[in-house]
Amino acid sequence: MTADDRTAPSRPPSRPLLWTLLVVALAANAGLSLAALPVAAAVPGLLVLVTGALLVRDHRRRARARP
């Protein structure tokens with residue numbers, strides 16, 4: 001392992017994976033919100049917020065990188 005390997009920034013998950021997670025988490029959030037325990041929808045809801053934020057960050061980085 002070289003010094004460059006240790007200091008290289010970690011790559012975020014790919015966009016298709018993030019979109020898939022977002023759709024699955026939205027469906028789970030909607031389904032659990034209608035269930036008898038709406039508190040259980042907190043985990044998918046948090047996942048929706050995180051994946052949405054990562055997609056926005058990726059979009060902004062790509063838009064800034066374009067000339």
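The numbers here are math on the coordinates, done by the rules we state, and not lab data. Nothing here was measured: the structure is a model prediction, and the numbers come from that model.
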- Item | Hydrodynamic radius (Kirkwood) for the range 15-67, which is based on Cα pairs only, to one decimal in Å | 11.9
- Task: May I ask you to compute the full-extension gain from R61 to L37, defined as 0.36 nm times their residue separation minus their alpha-carbon distance, rounded to one decimal in nm?
- Result: 4.8 nm
